[in-house]
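Asks: Structure in structure tokens, see below.
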Amino acid sequence: MLPVIIAGAGPCGLVAALTLEKSGIPYIIYERTTSAKLCSNAGSGIDMAPTAVKILDDKLGLAGKEWMKPYEYMHMSDMKGRKVTLYNLKTLKLKQVAEGRSFGFANRSDLQHTLLDALNLKDNYGNIKDDDGRL
């Protein structure tokens, strides 16, 4: 079977690779940036909806990993950017899903490192490796 070609080792490319791996489908990830820059803390956080958390935790095996952080506060503002209210989410009684984890955010770098670990694409020292030709 020919491998699926994945363009980019960002969070989406790595999720695609992990999904293919779980299904036994070969893949190759092509990434043009250097290993040092790949997981740099460039970019922004990623909002994680309950469905995404459930898929990443339950279907892709990331449960128990520290890739997501819960929101602590919700800032609401009007259309002109003026503060309307601020909610402390820790003090509210919110319904929890996905066994205690609901929605939150993922730091891009943390999520990429977690996915690289799940794909066994890091060595014992935490360096990105490419000794089997997948990346």
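Asks: Take Leu62 and tell me if it is outside any loop (DSSP other than H, G, I, E, B) and closer than 19 Å to Asp117 by Cα.
Replies: No: the conditions fail for Leu62.
Asks: Any idea which of Ala9, Ala17 is in contact with a Lys or Arg (Cβ under 8 Å, 6 or more places away or on another chain) and surrounded by 12 or more Cβ atoms within 10 Å (Cβ to Cβ)?
Replies: Ala17 is the lone residue from the list that is in contact with a Lys or Arg (Cβ under 8 Å, 6 or more places away or on another chain) and surrounded by 12 or more Cβ atoms within 10 Å (Cβ to Cβ).
Asks: Shifting gears a bit: List the number of the failed condition for Ile28; all other conditions in (1) more than 25 Å from Lys90 (Cβ to Cβ); (2) open to solvent by 40 Å² or more (accessible area, probe 1.4 Å); (3) in a loop (DSSP other than H, G, I, E, B); (4) hydrophobic (A, V, I, L, M, F, W, C) hold.
Replies: Every condition holds for Ile28 apart from (3).
Asks: Within region 40-51, identify whether any single residue is open to solvent by 60 Å² or more (accessible area, probe 1.4 Å) and under 17 Å from Asp130 (Cβ atoms), and answer yes or no.
Replies: no
Asks: Search region 77-104 for residues being in contact with a Phe, Trp or Tyr (Cβ under 8 Å, 6 or more places away or on another chain) and open to solvent by 80 Å² or more (accessible area, probe 1.4 Å), and hand back the single one that is modelled with the highest pLDDT.
Replies: Within region 77-104, the match that is modelled with the highest pLDDT is Leu86.
Asks: Among the numbered criteria (1) at pLDDT 85 or above; (2) open to solvent by less than 50 Å² (accessible area, probe 1.4 Å); (3) hydrophobic (A, V, I, L, M, F, W, C), which one does Ile55 miss?
Replies: Of everything listed in (1) at pLDDT 85 or above; (2) open to solvent by less than 50 Å² (accessible area, probe 1.4 Å); (3) hydrophobic (A, V, I, L, M, F, W, C), Ile55 misses just condition (2).
Asks: Looking at region 76-86, can you tell me whether even one residue there is touching a residue at least 12 places away in the same chain (Cβ under 8 Å) and part of a loop (DSSP other than H, G, I, E, B)?
Replies: There is no residue in region 76-86 that is touching a residue at least 12 places away in the same chain (Cβ under 8 Å) and part of a loop (DSSP other than H, G, I, E, B).
The values are calculated or read from the model by the stated rules, or taken from the named source; none is laboratory data. Fair warning: this is a prediction, and the values are worked out from it, not measured in the lab. Every residue, glycine as well, gets a Cβ built from its backbone with ideal geometry; the counts of neighbours run over all protein chains shown. Surface accessibility is based on the protein's heavy atoms, side chains included, excluding ligands, DNA and RNA. Shrake-Rupley method; radii C 1.70, N 1.55, O 1.52, S 1.80 Å.
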